[in-house]
Amino acid sequence: RERERSEASRKMGVEGGDGHGDGPLFETTVAKGRTAYKLFAGSVLVGVCLIWVYRATHIPSKEEGRWAWLGLLAAEIWFGFYWVLTQSVRWNPVYRRTFKDRLSHRYEKDLPGVDVFVCTADPTIEPPAMVVSTVLSVMAYDYPTEKLSVYLSDDAGSELTFYAMLEASGFARVWIPLCKKLELEPRSPAAYFRQTSAPPTDSIADEWWAVQKLYKEMENKIDVASKLGRIPEDIQKEHKGFLEWNSETTSRNHPPIVQMLIDVRDPNSLDNEGNALPTLVYMAREKKPDRHHNFKAGAMNSLIRVSSEISNGQIILNVDCDMYSNNSKSMRDALCFFMDEKNGNEIAYVQFPQMFNNISKNDIYGNSLKLLSEEHRGSDGFGGPLYIGSGCFHRRWSLIGNKYKEDYKENWKSSGNKKMKESTFVVEGKAKVLATCIHEDNTQWGKEENHRSRPRSSVG
């Protein structure tokens, strides 16, 4: 919307479908039958205008019935205007198709760093076991682990959520290699084991059952701790992070907490097959009763700053803690748009509408969000739909106050990931400063440099 996509961008891509070569990384096609629909819409518009004319020229001259007539005229004008507005998302719907094999062929060694933000705010409403499953689903993306960093923002500053993340960091050592070995989908362990009751092949049955058992044990330990409302003392001694909490810590009043549970630089941060694990960071930004925290937007701003100190990925994905990833290749789909040589520089964010399970056939409450899936195609034809709050990939460049430039080209070969030389302890200390309440005072954060910055174009 902020910048209308060029006609070439809408109609490109019919060439080259072999998956390699010099073709585009994505193609855009316009929905069929547009001429017929526009003729139909034009006939409806003529009918609406004729009704308006009739109502305006046949107002009763006598008092009887005049106000009812004028009321009907006002209603018809309003509903006619509303109908005209709805045509904006039906006039030019477009469909996108990505070529992930071309992306791998050209850029596999130069893929950018990606920072994934998962947000939670209340361990009672959003159980830590559920949050952990979401975190594990994004840690297991089909993406180079050394370029993937996952951050959890815990606005409640809950010791229970931190403990759950600590358990997840251990379980990831067996879960991620199993996912990649068997190409499991979805990669949320809760969703996967709920849908699948037996291993896909007998050759790996023993390992599959062992991983399932470990998951059940982890889930049970997290649930027990959540019900007790505290962490056993023997567990608290296992990690220095628990020292951040004391008797005065509450969800509305706590200091900034940043703990790197998995550091990709650590030679011991490996899975059970000897492969590197993604960086995993727990963050609870500082909260004070007399300071407005700006809810999720404030958490996202803190995550942007903290991640810039640790990994500084060029792409940022934000996910709500109750919405796991059901497609391990979606990250590569998004990069096909960002890294396209011809039109990628016009795109600020790429988003994936939510999908819901256990929906009845009639879906009387609209839980499947079919509206977003359908209407966003129409918005996409005019520069992109609104940001829907979750499942969205952003360019970091577009979130830190930069203005759109026609000639801007991202340097993908120089990865955004920081080559940190400091120890984990020093990095955590620097990151804590960025998560304090006062950091945004007298700055452009929350005004120009924040999660609410207006991007130039988007893909839904």
Given the residues ARG10, ARG3, which is the only one that is modelled with pLDDT under 60, closer than 20 Å to GLU346 by Cα and outside any helix (DSSP H, G or I)? ARG3
Residues in the range 114-141 that are within 29 Å of ARG377 (Cα to Cα), out of contact with any Pro (no Cβ under 9 Å at 6 or more places or on another chain) and either of a type in the set (Phe, Trp, Tyr) or at pLDDT below 95 (or both): how many? 1
Checking the structure you have, find out if any residue of the range 322-333 is among the hydrophobic types (A, V, I, L, M, F, W, C) and within 30 Å of VAL427 (Cα to Cα). yes
Say we look at the range 341-371 and pick out the residues that are of a type in the set (A, V, I, L, M) and surrounded by fewer than 19 Cβ atoms within 10 Å (Cβ to Cβ); which of these is modelled with the highest pLDDT? MET355
Being under 30 Å from THR436 (Cβ atoms) and touching a Lys or Arg at 6+ places or on another chain (Cβ under 8 Å) is true for just one of ASN246, ASN253. Which residue is that? ASN253
Just for the range 161-175: of the residues that are surrounded by 23 or more Cβ atoms within 10 Å (Cβ to Cβ) and not small (Gly, Ala, Ser), which one is farthest from the chain's Cα centre (by Cα)? TYR163
Mind telling me which of the residues GLY16, GLY23, GLY80 ends up being modelled with pLDDT under 85, surrounded by 13 or more Cβ atoms within 10 Å (Cβ to Cβ) and not basic (Lys, Arg)? GLY16
Among the residues of the range 100-136, how many are over 22 Å from ARG230 (Cα atoms) and hydrophobic (A, V, I, L, M, F, W, C)? 7
So for the range 393-408 (the condition being part of a helix (DSSP H, G or I), surrounded by 18 or more Cβ atoms within 10 Å (Cβ to Cβ) and at pLDDT below 80), does at least one residue qualify? no
Is there a residue in the range 114-133 that is in contact with a Ser or Thr (Cβ under 6 Å, 6 or more places away or on another chain), part of a strand (DSSP E or B), of a type in the set (D, E, K, R) and assigned by TED's automatic domain parsing to the domain that holds LEU182? yes
Members of the range 269-281 that are of a type in the set (Ser, Thr, Tyr) and surrounded by fewer than 24 Cβ atoms within 10 Å (Cβ to Cβ): SER269
So which residues in the range 71-85 are under 9 Å from ARG55 (Cβ atoms) and free of Cβ contacts under 8 Å to residues at least 24 places away in the same chain? LEU72, LEU73
Do the conditions hold for PRO186, that is, is it assigned to a helix (DSSP H, G or I), in contact (Cβ under 8 Å) with a residue 60 or more places away in the chain and assigned by TED's automatic domain parsing to the domain that holds LEU277? no
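The values are calculated or read from the model by the stated rules, or taken from the named source; none is laboratory data. The structure displayed is predicted, hence computed values, not measured ones. Every residue, glycine as well, gets a Cβ built from its backbone with ideal geometry; the counts of neighbours run over all protein chains shown.
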